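Student: Quick one: the structure is below, and I'll ask about it shortly.
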Amino acid sequence: ASFPLLCFRPPLVAPLIFSLLLQAPFTQPSPTTQPNFVLLLADDLGIGDVGCYGNDTIRTPNIDRLAKEGVKLTQHIAAAPLCTPSRAAFLTGRYPLRSGMDAINDYRVIFWNAGSGGLPPNETTFAKILQHQGYSTGLIGKWHQGVNCESRNDHCHHPLKHGFDYFYGMPFTLISDCQPTETPEMDRAFRRKLWLYTQMIGLITLTAVLGRLTGLISVHWKTLTCLAGFSLLFFISWFSSYGFVRYWNCIMMRNHGITEQPMVTDRTTSLILRESISFIERNKHKPFLLFLSFLHSHTPLLTTEKFLGRSRHGLYGDNVEEMDWMVGQVLDAIEKEGLKDTTLVYFASDHGGWLERQEGKRQLGGWNGIYKGGKAMGGWEGGIRVPGIFRWPGVLPAGTVIDEPTSLMDIFPTVVHLAGGAVPQDRVIDGRDLLPVLRGAVTHSEHEFLFHYCGVHLHAVRWHQKDTGAVWKAHYVTPIFSPPGAGACYDRGFCPCFGEGVTHHEPPLLFELSQDPSEAKPLSAATEPLFDTVIRRIGRAVEEHRRTLTPVPEQLSVSNVVWKPWLQPCCGTFPFCWCDKEGDN
């Protein structure tokens with residue numbers, strides 16, 4: 001039908017074509033069309049702790065509102081079951097062992113601000129790419145990706161070296177040691193051993209001195225002096241770090257400067273919320289990325305008096321309800337500035353809830369709903385399946401639920417693509433752009449296989465068989481629960497990744513998650529006709545995946561995680577590190 005128009009109506013067609021050619025440059029994407037991004041990441045929040053994921057006792061109306069107005073993912077998977085590696089994967093779109101941010105030993109997270117390990121400077125975060133695309137980029141809250149490499153002020157792992165224009169928050173992570181009234185949490189079992197050894201050495205020294213004074217033991221005073229000196233040095237060697245955890249790790253920073261050392265926990269929540277809203281207000285006239293990395297709901301569960309005693313789940317529930325209120329305040333700020341329709345909001349947790357975290361009868365960790373396991377467990381769903389919600393009015397269909405396998409690593413390519421940037425081509429990116437599946441343009445996510453690591457140890461693999469819709473999951477290694485059948489490692493506090501605390505399975509345990517999401521009924525060749533076929537296919541995928549791995553320096557090696565006094569961030573002259581600049585203001 002167009003040919004007659006072109007042939008017989010040239011006087012009308014020519015001006016039309018000419019006008020379209022003139023207008024073409026104005027239809028190209030411009031900086032004003034770039035969406036803002038507000039990424040909200042909870043800490044240790046279980047998927048069963050949120051109303052829109054089935055909890056009917058902890059009130060989360062603001063997170064639930066996000067789900068109602070956007071897209072809820074029901075199979076959103078963290079790349080690791082602990083903070084440091086999971087967040088490294090989130091920031092880079094890569095499995096953490098590709099950047100050396102997963103551990104071969106029991107030190108599976110960054111332990112000190114004064115350690116030398118951290119997210120390597122040669123890794124590319126989504127913030128760094130968005131910075132190059134003209135975005136203002138801010139991180140408010142928890143970092144836990146390291147600070148320094150070789151000197152106190154080189155800041156090689158700092159957020160400002162990884163694409164953030166502005167940082168306010170904790171370079172470390174919240175721990176019970178930050179709250180003077182709480183029982184110390186950091187390396188608790190190891191600290192007990194050090195105290196025991198110190199007491200034993202001291203007792204031996206005292207016995208030897210008394211024996212020498214009473215004439216029961218013939219020993220030179222020189223030997224006793226050396227023994228006493230060794231006792232003192234041994235005590236100083238560990239107490240200089242573990243005795244001052246609150247001063248060394250519980251600090252707040254603004255950009256490179258320390259604002260509180262130690263942090264004043266009573267006002268932390270209000271300051272983080274104030275900084276987040278202020279960042280939105282300052283940058284409302286240009287595209288921005290705000291990564292609000294909550295300290296909630298990690299122990300010691302800092303909760304303001306306004307929320308204490310409000311929930312039906314004790315202090316943990318109070319803390320989650322306060323975080324939901326903070327989410328609401330941020331959403332209100334976005335709406336107040338007229339940015340709701342131009343802002344993509346994302347909410348998730350870095351991994352599953354911590355089942356073993358208890359003090360007496362108080363449960364201080366989260367709940368993972370119907371899913372087995374929890375924090376620190378690399379294979380079981382409870383450790384890695386987390387809430388995942390996107391909202392972008394007018395672009396993403398409201399009230400949508402997607403049951404496709406997705407990953408926290410997918411945020412990297414999704415955000416980079418929407419900002420008009422390019423995903424790096426010089427490295428493997430494991431995340432996939434989620435926009436097509438979020439908008440409903442495609443039925444399936446691009447993930448066929450997801451690999452579930454515990455440290456550097458591969459514990460399980462998920463295969464999404466797209467032609468049938470089946471989601472197979474093979475477990476090669478599982479933790480041994482203690483006490484038996486308890487569903488967690490209560491005797492240890494954390495489930496291990498290797499050694500005597502795990503079981504190796506040959507053949508692997510196999511589950512079909514779409515039929516058995518709780519992983520309660522392992523399949524076998526006798527009960528599942530496709531058992532051998534599925535195990536072989538997953539085995540080939542593991543081989544292909546391992547061929548993409550290249551050796552990199554271990555950021556969480558013992559030498560990198562130990563406390564190094566020359567790397568300690570210090571507000572003052574080391575070791576006299578103390579300041580309260582927020583109080584001064």
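Student: Given C-alpha coordinates of segment 188-242, what is the ratio Rg to Rh with the Kirkwood estimate of Rh?
Tutor: In segment 188-242, Rg relative to Rh is 1.08.
Student: Counting only C-alpha contacts under 8 Å and six or more residues apart, can you give the relative contact order of the chain as a whole percent?
Tutor: 25 percent
Student: So if R0 is 35 Å, what FRET efficiency would Gln465 and Ile370 give, r being the distance between their Cβ atoms, rounded to the nearest 0.05? Don't skip to the answer; put the middle values down first.
Tutor: Numbers: r = 22 Å, r/R0 = 0.63.
Once the sixth-power term is evaluated, E becomes 0.95.
Student: Same structure, new question: Mind checking the full-extension length gain between Ser514 and Ser218? Use 0.36 nm per residue of separation minus the Cα-Cα distance, one decimal, nm. Please list the in-between numbers first.
Tutor: Values: separation 296, 0.36 × 296 = 106.56 nm, distance 7.46 nm.
Stretched out fully, the Ser514 to Ser218 stretch lengthens by 99.1 nm.
Student: What does the C-alpha gyration tensor say about the overall shape of segment 149-239? Classify as rounded when a/c is under 1.5, otherwise prolate if a/b is larger than b/c, or oblate.
Tutor: Here segment 149-239 falls in the prolate category.
Student: Evaluate the charge dipole of the chain about its Cα centre and quote only its size in Debye, nearest 20, assuming +1 on the Cβ of each Lys and Arg and -1 on the Cβ of each Asp and Glu.
Tutor: Value, rounded to 20: 620 debye.
Student: Something else: Dividing the convex hull volume of the Cα atoms of the chain by its residue count, what figure in Å³ per residue is obtained?
Tutor: Dividing the Cα hull volume of the chain by its residues yields 205 Å³.
Student: What percentages make up the Cα-Cα pair-distance distribution of segment 453-526 when the bins are 10 Å wide from 0?
Tutor: Over segment 453-526, the share of Cα pairs per 10 Å bin runs 19, 44, 31, 6, 0 percent.
Student: Protein chains only, probe 1.4 Å: how do Arg108, Arg312 rank by accessible area, largest first? Write out the running numbers ahead of the final one.
Tutor: On the way: Arg108 25, Arg312 185 Å².
The ordering from most to least exposed comes out as Arg312, Arg108.
Student: To continue, here is another question. Let me have the 222 nm mean residue ellipticity of the chain computed from DSSP H runs of 4+ only, each contributing -39500 (n - 2.57), with the sum over all residues rounded to the nearest 500. Mind showing how you got there, number by number?
Tutor: On the way: 16 runs with 180 residues, N = 585.
Helices in the chain give a 222 nm mean residue ellipticity of -9500 deg cm²/dmol.
Student: Excluding Val442 itself, what net charge comes from residues whose Cβ is under 12 Å from its Cβ, given Lys and Arg +1 and Asp and Glu -1?
Tutor: 0
Student: Rg/Rh for segment 87-161: what does it come to with C-alpha atoms and Rh from Kirkwood?
Tutor: 0.96
Student: Where only protein heavy atoms count, and the probe is 1.4 Å, what is the accessible area per residue for the chain in Å²?
Tutor: Numbers: 25020 Å² over 585 residues.
Dividing the accessible area of the chain by its residue count gives 43 Å².
Student: Going toward the positive end of the dipole of the chain, with +1 on Lys and Arg Cβ and -1 on Asp and Glu Cβ, which of Trp238, Ser218, Val502 do you reach last?
Tutor: Ser218
Student: Sorted by average packing, counted as other Cβ atoms within 10 angstrom per residue and highest first, what order do 116-128, 256-268 take?
Tutor: Working: 116-128: 22.2, 256-268: 18.8.
Sorting 116-128, 256-268 by mean packing, highest first, produces 116-128, 256-268.
Student: Here is a follow-up. What is the Cα centroid distance between segment 253-297 and segment 142-190, reported in whole angstrom?
Tutor: Comparing the Cα centres of segment 253-297 and segment 142-190, I get a distance of 15 Å.
Student: Nearest 20 debye, what's the magnitude of the dipole of segment 427-585 about its Cα centre given +1 on Lys and Arg Cβ and -1 on Asp and Glu Cβ?
Tutor: The calculation lands at about 320 debye.
Student: Can you tell me the FRET efficiency between Leu232 and Tyr490 if r is taken as the Cβ-Cβ distance and R0 is 35 Å, rounded to the nearest 0.05?
Tutor: E between Leu232 and Tyr490, to the nearest 0.05, is 0.40.
Student: Semi-axes of segment 27-110's equivalent ellipsoid from the Cα gyration tensor, sqrt of 5 times each eigenvalue, largest first, rounded to whole Å?
Tutor: Semi-axes, largest first: 28, 24, 10 Å.
Student: Need one value: the accessible area of Leu203 in square angstrom, 1.4 angstrom probe, rounded to the nearest 10.
Tutor: Roughly 110 Å² of Leu203 is accessible to a 1.4 Å probe.
Student: Would you mind pulling out the separation of the Cα centroids of segment 308-355 and segment 434-490, in Å?
Tutor: 26 Å
Student: With the cut-off at 20 Å, report for segment 189-346 the share of all Cα pairs above it, as a whole percent.
Tutor: Counting pairs separated by more than 20 Å, the tail of P(r) holds 68 percent.
Student: Mean separation of Cα pairs under 8 Å and 6+ residues apart, divided by the residue count of segment 233-337: what relative contact order is that in percent?
Tutor: Details: 77 pairs, mean separation 20.6, N = 105.
Result for segment 233-337 is 20 percent.
Student: When all alpha-carbon pairs of segment 352-505 are counted, what percent fall beyond 28 Å?
Tutor: Roughly 33 percent, rounded to a whole number.
Student: State which entries of Lys286/Lys340; Lys286/Lys336; Lys193/Lys372; Lys72/Lys466; Lys336/Lys581; Lys68/Lys521 exceed 24 angstrom in Cα-Cα distance in the structure shown.
Tutor: In this structure, Lys193/Lys372; Lys336/Lys581; Lys68/Lys521 lie more than 24 Å apart at Cα.
Student: I'd like to know how segment 389-480 sits against the 2.2 N^0.38 Å rule of thumb: what's its Cα Rg over that expected value?
Tutor: On the way: Rg = 15.2 Å, N = 92, 2.2 N^0.38 = 12.3 Å.
It is 1.24.
Student: Shifting gears a bit: Which order do Trp578, Trp380 take by accessible area at a 1.4 Å probe, largest first?
Tutor: On the way: Trp578 155, Trp380 15 Å².
Reading off the accessible areas and sorting them downward yields Trp578, Trp380.
Student: Testing the spin-label approximation: label points 7 Å from Cα along Cα→Cβ at Val442 and Glu150. State their distance in nm.
Tutor: Roughly 4.4 nm, to one decimal.
Student: Show me 336-342, 91-97, 559-565 ranked by packing, highest mean number of other Cβ atoms within 10 Å first.
Tutor: Sorting 336-342, 91-97, 559-565 by mean packing, highest first, produces 91-97, 559-565, 336-342.
The values are calculated or read from the model by the stated rules, or taken from the named source; none is laboratory data. In this text the structure is predicted, and so the values were computed from the model without any measurement. FYI the Cβ positions are ideal-geometry reconstructions off the backbone, even for glycines, and counts take in every protein chain you see. For the accessible areas, the whole protein counts, side chains as well, though only heavy atoms, and no ligand, DNA or RNA atoms are used. Shrake-Rupley method; radii C 1.70, N 1.55, O 1.52, S 1.80 Å.
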